[in-house]
1. From the list VAL129, VAL120, pick out the single residue that is in a helix (DSSP H, G or I), in contact with a helix residue (DSSP H, G or I) (Cβ under 9 Å, 6 or more places away or on another chain) and under 14 Å from LEU152 (Cα atoms).
2. Can you name the number of the only condition in (1) more than 30 Å from ILE25 (Cα to Cα); (2) in a helix (DSSP H, G or I) that ALA57 fails?
3. Is the stretch 135-148 home to any residue that is part of a loop (DSSP other than H, G, I, E, B), out of contact with any Asp or Glu (no Cβ under 6 Å at 6 or more places or on another chain) and at negative phi?
4. Are there any pairs, at least 6 apart or on different chains, whose C-beta atoms fall under 6 Å, with the first in the stretch 65-81 and closer than 15 Å to SER123 by Cβ and touching a residue at least 60 places away in the same chain (Cβ under 8 Å) and the second small (Gly, Ala, Ser) and buried (at least 16 other Cβ atoms within 10 Å of the Cβ), and if so, which?
5. Return yes when ALA73 is aliphatic (A, V, I, L, M), touching a strand residue (DSSP E or B) at 6+ places or on another chain (Cβ under 7 Å) and modelled with pLDDT under 95 and no when it is not.
6. Take the stretch 60-83 and flag every residue that is assigned to a helix (DSSP H, G or I) and surrounded by fewer than 19 Cβ atoms within 10 Å (Cβ to Cβ).
7. Among the numbered criteria (1) closer than 18 Å to SER47 by Cα; (2) modelled with pLDDT under 95, which single criterion is violated by SER123?
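The values are calculated or read from the model by the stated rules, or taken from the named source; none is laboratory data. Keep in mind the model is a prediction, meaning the values are calculated, not measured. So basically every Cβ, Gly included, is an ideal-geometry build from the backbone, and we count neighbours across all protein chains shown.
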Amino acid sequence: MTSSQTSSQLKVSKTDLGSRRITSIQKLRWISIALALIGFADSIYLSWLKLTNGTAACANIGDCEAVNNSPYAEIAGIPIAILGAGAYLAMVFFLVIEPRAEFWRENSSVIVFGLSLAGVLYSAYLTYVEVAILHAICPYCVISAILLVALLGISVVRLLRDDEIES
C-alpha cells in the first residue's frame, strides 16, 4: 500500500466519521421528537383529567388524584399539565423545523435544551412537593420527569456534537 492510498483512506475515514456523527445527531433528533410526543400525550391526559375532574388510570400505583387536585397542580388557575403540554409541543415544533433553515439548524437544539432544562428544574420542584408536602406520587408526573431528564440529556449530547461538527 502506498502512502497516497493510505492518505486517501484516512480522508474517507474522516468523511465517514463526519457523516456518521450527522446521522447519529439526526437519530437523536428523532428520538427527541418521539420522547416529546410521549410527554405531550402524558400532559394532555393529565390536563383532561384536571379539566374534567376525572379519575386517573393509576392501577393503585401512587395517588394521582391527590397530586392532580392539589393547589400545586395549577399556576394562576392554569393547570400545570397544560403548561407542560405547551412545552412539549414547543419542543416538537423546534425539533421538526430544525432542518428547514439555517437559523433553526443553529438554534433549535439550544432552544430545546433551554425548554428541557426549565422542565427538569420545575419537575424537580414538583417531585419535592409530591414527596415532602403531599406525600403522594403521580406515576404520570414521574413519567414526565423521566422524559424531561432524557430530553435534557439528549439535548446536551446534541449540543456537544454540534460543536464537534463545526470544529
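1. None of the others qualify; the one that does is VAL120.
2. Here ALA57 meets the rest and fails (2).
3. So far as the stretch 135-148 goes, yes, one or more of its residues are part of a loop (DSSP other than H, G, I, E, B), out of contact with any Asp or Glu (no Cβ under 6 Å at 6 or more places or on another chain) and at negative phi.
4. VAL67/ALA136
5. Here the answer is yes, as ALA73 does meet what is asked.
6. We begin by selecting, within the stretch 60-83, every residue assigned to a helix (DSSP H, G or I); these are 64-68, 71-73, 80-83.
Of everything in the stretch 60-83, those that are assigned to a helix (DSSP H, G or I) and surrounded by fewer than 19 Cβ atoms within 10 Å (Cβ to Cβ) turn out to be GLU65, ALA66, PRO71, TYR72, ILE82, LEU83.
7. (2)
Conditions tested, residue by residue: (1) aliphatic (A, V, I, L, M); (2) loosely packed, with under 13 Cβ neighbours inside 10 Å.
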{"residue": "ALA85", "(1), (2)": "yes, no"}
{"residue": "VAL96", "(1), (2)": "yes, no"}
{"residue": "PRO99", "(1), (2)": "no, yes"}
{"residue": "SER108", "(1), (2)": "no, no"}
{"residue": "SER123", "(1), (2)": "no, no"}
{"residue": "ALA150", "(1), (2)": "yes, no"}
{"residue": "VAL157", "(1), (2)": "yes, no"}
